[in-house]
1. Among the residues of region 29-43, are any more than 29 Å from residue 76 (Cα to Cα), out of contact with any helix residue (DSSP H, G or I) (no Cβ under 6 Å at 6 or more places or on another chain) and at pLDDT below 70?
2. Only residues that are modelled with pLDDT under 85 and outside any loop (DSSP other than H, G, I, E, B): list them for region 72-86, please.
3. Any chance region 117-135 includes a residue that's within 29 Å of residue 52 (Cβ to Cβ), without any contact (Cβ under 8 Å) to a residue 60 or more places away in the chain and not assigned by TED's automatic domain parsing to the domain that holds residue 52?
4. Restricting to region 60-75, name every residue that is closer than 24 Å to residue 104 by Cα and surrounded by 13 or more Cβ atoms within 10 Å (Cβ to Cβ).
5. What is the residue count in region 95-107 for residues that are at pLDDT below 85 and more than 19 Å from residue 70 (Cα to Cα)?
6. With the requirement that a residue be out of contact with any helix residue (DSSP H, G or I) (no Cβ under 9 Å at 6 or more places or on another chain) and at pLDDT below 85, what does region 56-71 give you?
7. Starting from region 85-99, take each residue that is within 20 Å of residue 112 (Cα to Cα) and list its partners that are not in a helix (DSSP H, G or I), counting only C-beta distances under 6 angstrom and pairs at least six apart or across chains.
């Protein structure tokens, strides 16, 4: 089976369908823009959901955590259930770093952490070749290559 590499981020996939999905969701053109905050989305339903959740004026029902004394509440039942499983079950699933013993609640957090034990910088910038240990750091760096005039301008709501 042939491996397929995406030049943008260096991801390797053995499946064309998953690679196509990765390119679409991670690197896709975000052409649906929120009229209120200018945040962009790749799909119209994602924009609609954003507007409803972030800018909607109708009160939304909340799902409170049933654990005594927790006090947290969530916008949907699924998120509340995930919170309960991660925080309040008797024997929660934890992901252990075999190198230093630190435990993580999420597998992706362990994956990011393990990369800190190595000097290998697997995520390379396609523009300048600079290497990064974590993909998130590369994504932040890539934004520095965007032309200054096309970068979003953020202004402080407290002062000019």
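1. Step one: list which residues in region 29-43 are more than 29 Å from residue 76 (Cα to Cα), which gives none.
Scanning region 29-43, I find no residue that is more than 29 Å from residue 76 (Cα to Cα), out of contact with any helix residue (DSSP H, G or I) (no Cβ under 6 Å at 6 or more places or on another chain) and at pLDDT below 70, so the answer is no.
2. If the condition is that a residue be modelled with pLDDT under 85 and outside any loop (DSSP other than H, G, I, E, B), then 85, 86 are the ones that fit.
3. No; the residues of region 117-135 include none that is within 29 Å of residue 52 (Cβ to Cβ), without any contact (Cβ under 8 Å) to a residue 60 or more places away in the chain and not assigned by TED's automatic domain parsing to the domain that holds residue 52.
4. Within region 60-75, 65, 67, 70, 72, 73, 74 qualify.
5. Restricting attention to region 95-107, the residues satisfying the condition of being at pLDDT below 85 are 105-106.
Right, trim to more than 19 Å from residue 70 (Cα to Cα) and you get 106.
Number of matching residues: 1.
6. Residues satisfying the conditions are 56, 57, 59, 61.
7. From residues that are within 20 Å of residue 112 (Cα to Cα), the pairs are 86/105; 94/103; 95/104; 96/103.
The values are calculated or read from the model by the stated rules, or taken from the named source; none is laboratory data. Keep in mind the model is a prediction, meaning the values are calculated, not measured. As a convention, Cβ positions derive from the backbone with ideal geometry for all residues, glycine included, and neighbour counts pool all protein chains shown.
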